[in-house]
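Working notes for the structure below.
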Amino acid sequence: MLVHYHRSEKRARGLSEELGGATIAEADLTVESEVDRLFAEARDALGRIDICAAVAGVWPSEDVPVWELPLERWETTVRENLTATFLTARAFLREVERSGHGSLVLVGSTAGIFGEAGHADYAAAKSAVLGGLLFSLKNEIVRIAPLGRVNAVAPGWTESPMTRGLVDPDRVHALSRTMALRKVAQPEDVAAQIVVLASDTLSGHISGQVVVVAGGMEGRTVHPD
């Protein structure tokens, strides 16, 4: 197993220890050459790459409506979420072409399903991941791996370094009005669904599907308060 990181080496090393000494490797996934290097290092370390979870992404914290949204932020957000996912998927599928087997799990967001006011850039990028990219890749992978699969998870609010400080009890109470389960997800909730989708045993006949990990979130208010 290989754990990728860009800026968070300390967390990567901690995760590696939890996983019993997984290999770690650094790369900026928005840079084509670094993605290619990362997968070459992974191949050298592991021998072959059968599963890839394309988890990396960035949520810009500032609420900016479209009419005030700078082009620079739009392009940066799309690159850090959609382009990074494309480059990761492309490099992985090149490994699948060598081996004839593989399972890819993309990570989107509920913002890509319901939209997110003040974050149209992020919502648009994640919608592309969960829509056109996912549906194209699940049909393309079988050209090089007859049993190859591509699926996705769409987390809602999740406790993570990216959202820490934004999910205090009052905030959770407010944002969970659209959720049957009035709590935010933990990283383990999302990771468990990635494992399920990646597994040929558990999901061997599942491809092109999006699993929403968001406590029963809907595009409407469920709770009155």
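The values are calculated or read from the model by the stated rules, or taken from the named source; none is laboratory data. Bear in mind the structure is a predicted one, so any value in this text is a computation, not a measurement. Cβ: placed from backbone, ideal geometry, glycine included. Neighbour counts: every protein chain shown. Calculation scope for accessible area: heavy atoms of the full protein, side chains included, ligands and nucleic acids excluded. Shrake-Rupley method; radii C 1.70, N 1.55, O 1.52, S 1.80 Å.
Points worth noting:
- Evaluated with a Cβ-only charge set (Lys, Arg +1; Asp, Glu -1), the chain carries a dipole of roughly 540 debye about its Cα centre, given to the nearest 20.
- If you wrap the chain in the convex hull of its Cα atoms and look at it from every side, the mean projected area works out to 12.9 nm².
- Heavy-atom accessible area per residue - the chain, 1.4 Å, Å²: 53
- Helix 187-198 vs. the chain, principal-axis angle (Cα, 0 to 90°, nearest 10): 40
- Zero-based 10 Å bins, Cα pair distances in the stretch 110-225, whole percents: 13, 38, 33, 13, 3, 0
- The chain: antiparallel DSSP beta bridges as a percent of all, rounded to 5: 0
- Note on Val212: accessible area approximately 70 square angstrom, rounded to 10, probe 1.4 Å, nucleic acids and ligands left out.
- Convex hull volume of the Cα atoms of the stretch 1-73, normalised per residue: 117 Å³.
- Positive-end residue, the stretch 1-112 charge dipole about Cα centroid, Cβ charges, pick of Gly108, Thr85, Ser16: Ser16
- Across the stretch 87-225, the mean sequence separation of Cα contacts (distance under 8 Å, 6 or more residues apart), normalised by length, yields a relative contact order of 28 percent.
- A Cα-only calculation for the stretch 96-149 places Rg and Dmax at 13.8, 43 Å.
- Charge dipole (debye, nearest 20) of the stretch 97-225; +1 at Cβ of Lys and Arg, -1 at Cβ of Asp and Glu: 220
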